[in-house]
Amino acid sequence: MFTFIHAADIHLDSPLRGLSRYESAPVDAIRDACRRAFKNLVDLAIEEKAAFVLLAGDLYDGDWKDYSTGIFLSRQMGRLNQHGIRVFAVAGNHDAANRMTKALQTPANMKMFSAGKVETVTLEDCSVAIHGRSFKARHVDENLAAGFCQGLKGMFNIGLLHTSLDGREGHAAYAPCTLDDLCSKNYQYWALGHVHKQEIVSKDPFVVFPGCIQGRHIRESGPKGCVKVTVEEDAVTQMEPVSLDVLRWTLTKIDLTDMEDLRDVFEKVRETIEQERAQAEDRPLAMRIKLTGATKLSDHLAAFPEKLEQQIKALGAETAGDDVWIERVENRTLGKYDLETVLADDTSPGQLLRAIVSTPEDPGQIDGLEDKLAELRQKVPPEAFGTGSILDLSDRQVLERITREAKKMLIGRLLATGEEK
C-alpha cells in the first residue's frame, strides 16, 4: 500500500489582475497566496509520507519577473527531498511560455517529462509506471494522449497529462482528447491538469482533474486543493480531496423576495456572511454578494448603488473584521407590485391577476381542465404520470398541489416588474 498526491495548476506568483483598483483589497494576502498554498501541498505530502507527488502542469504562470519564483520552488522541492519524496511533473501551456525555467537546474528529486515524446518512468519499489508528456509550446492542439503507450502489465499505471479533455467551460481547448482515448491505454489512474475546478471524470479507470490549489479571482470560487490517493494491490482504494487554499473566494446569492424593510435586508446579509465564514474552514474570505429576488425595495436599492455597497462592506467588516473582504455587491433584484393595488386596477394586468386569484383550487371546478389533461396524456409517456409519481394526475391531492403551485408562480411572476437591476 502507498499514497501519492495529485495536484495541478499551481500558477506560482500569479499576477493580481487589477485588484489594486478595489478599495481595502487584501493585496498582500492575495499576492503570496499561491506560494502559501504550495507550502501546504508540501506539508501534506510530508505529513502523509507520500511515495511521490504528481504535478499535472501550469506550475508557473508564464514568465517570471525574476528568479525568486524558481528559487522558491527549488526550496520546496528540497524539503520533499529530505523526506525521500519524489516529484513528477509535466509542463502545461503557462509553463511553456516561461523562458527562464531553463536557466535553473531541475531539483534532484523532480522529474519533468519531455515535450518531444511520451516518457515512462518505473518505480520498482511500489510497482508504479508513470507515463507523461509536457507541452512544447503555449498552444497545443494535438491529441497528446494518442501517443501514450499501453499500460505495463503487473504495474499500477498513471498517465500524467495537461489537457482540456473534450472541452470544459471557461477553459481553452489544449491537447484535446476523449475519455475513450484515455481508457484505451489500460491505465489505472489519469492525473490531469488545466481545468481549475475539481472533477472526477471517471472512476473506472480514475480520470481526475484536482483543480487549482488556490483561487485567484471570483471565477475560481469555493474550496481549492489537491487529491490524496491511496493504492493497494494495484487498485485505488481511497481518493480524498484536500483543501490547500489560504484565501477562499465565494460567490454568495442572497434572496430578498418579498422583503419590505431595509433592516431585514441587512440582517439577512449579516447572517449570510456569518454562515459563509463558518464554512470557510478558518480561511479569510473574498466574497462577492449578489442580491436577487422580487422585492418592493428593488428601486430603492438600485437608486444608491455605491451607498448600498459601502453599507454592506461596513457590515462585513463589523461582522468578521479582516476575515472577510467584500469584493463587490451586485443588485440583481426585481421590482414587485403590491398585490392589493394591482387587484384593484382595471388594466389588463389587474384583470389577469383577478382571474388567476379567483381560479378555484379544486381541480373539478376548473373549466376545461379534464380536456387539457387528456391532451397532455397523449403527448407524454404514460410512465411520467404513474402511480406514486409527483405528476400522478389520477391523484386528486397531486392535482390540488399543482394548481396551488401554478397560481403562486403566476401571481409572483405577474407582480415582479422590469428587468434585473
query = Which ranges mark the strands (runs of 3 or more DSSP E) fully within the stretch 120-227 that have 3 or more residues being open to solvent by less than 50 Å² (accessible area, probe 1.4 Å)?
reply = 128-132, 156-162, 189-193, 206-209
inquiry  = Consider the stretch 293-320. How many of its residues are within 31 Å of the chain's Cα centre (by Cα) and open to solvent by 30 Å² or more (accessible area, probe 1.4 Å)?
reply    = 11
key: Count of the stretch 235-257 residues which are assigned to a loop (DSSP other than H, G, I, E, B) and either touching a Phe, Trp or Tyr at 6+ places or on another chain (Cβ under 8 Å) or farther than 30 Å from ALA302 by Cα (or both)   = 4
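Just checking, does the stretch 42-54 include any residue being assigned to a helix (DSSP H, G or I), modelled with pLDDT of 80 or more, open to solvent by less than 10 Å² (accessible area, probe 1.4 Å) and of a type in the set (Phe, Trp, Tyr)?
No: zero hits.
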request  = Specify the residue that is surrounded by the fewest Cβ atoms within 10 Å (Cβ to Cβ); the eligible residues are those in the stretch 261-288 that are over 19 Å from PRO223 (Cβ atoms) and of a type in the set (A, V, I, L, M).
outcome  = LEU262
query = Considering GLN351, GLN310, which residue is within 30 Å of ASP282 (Cβ to Cβ), of a type outside the set (Lys, Arg) and out of contact with any helix residue (DSSP H, G or I) (no Cβ under 9 Å at 6 or more places or on another chain)?
reply = GLN310
Answer from SER127, SER164 - the residue that is farther than 30 Å from ALA278 by Cα, modelled with pLDDT under 95 and not aliphatic (A, V, I, L, M) = SER164
task = Could you check how many residues of the stretch 332-341 are of a type outside the set (D, E, K, R) and open to solvent by 20 Å² or more (accessible area, probe 1.4 Å)?
result = 4
message = Quick test for you: out of GLU267, GLU260, pick the one residue that is in a loop (DSSP other than H, G, I, E, B), of a type outside the set (Phe, Trp, Tyr) and out of contact with any strand residue (DSSP E or B) (no Cβ under 8 Å at 6 or more places or on another chain).
response = GLU260
key: Filter result for the condition that a residue is within 24 Å of the chain's Cα centre (by Cα) and more than 24 Å from PHE38 (Cα to Cα), over ILE218, ILE254   = ILE254
task = Look at the stretch 18-40 and say how many of its residues are farther than 27 Å from GLU309 by Cβ and either hydrophobic (A, V, I, L, M, F, W, C) or modelled with pLDDT under 75 (or both).
result = 3
inquiry  = Of the conditions (1) over 30 Å from PRO26 (Cα atoms); (2) at pLDDT 80 or above, THR341 satisfies every one except a single condition; which number is it?
reply    = (2)
ask   = On the given criteria, is ARG79 at pLDDT 95 or above, under 20 Å from TRP190 (Cα atoms) and not aliphatic (A, V, I, L, M)?
value = no
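The values are calculated or read from the model by the stated rules, or taken from the named source; none is laboratory data. All figures in this text were calculated on a predicted structure; none of them were measured in a lab. Positions of Cβ are backbone-derived with ideal geometry, glycine not excepted, and every protein chain shown enters the neighbour counts. Remember, those area values only see protein heavy atoms, side chains included, never the ligands or the DNA or RNA. Shrake-Rupley method; radii C 1.70, N 1.55, O 1.52, S 1.80 Å.
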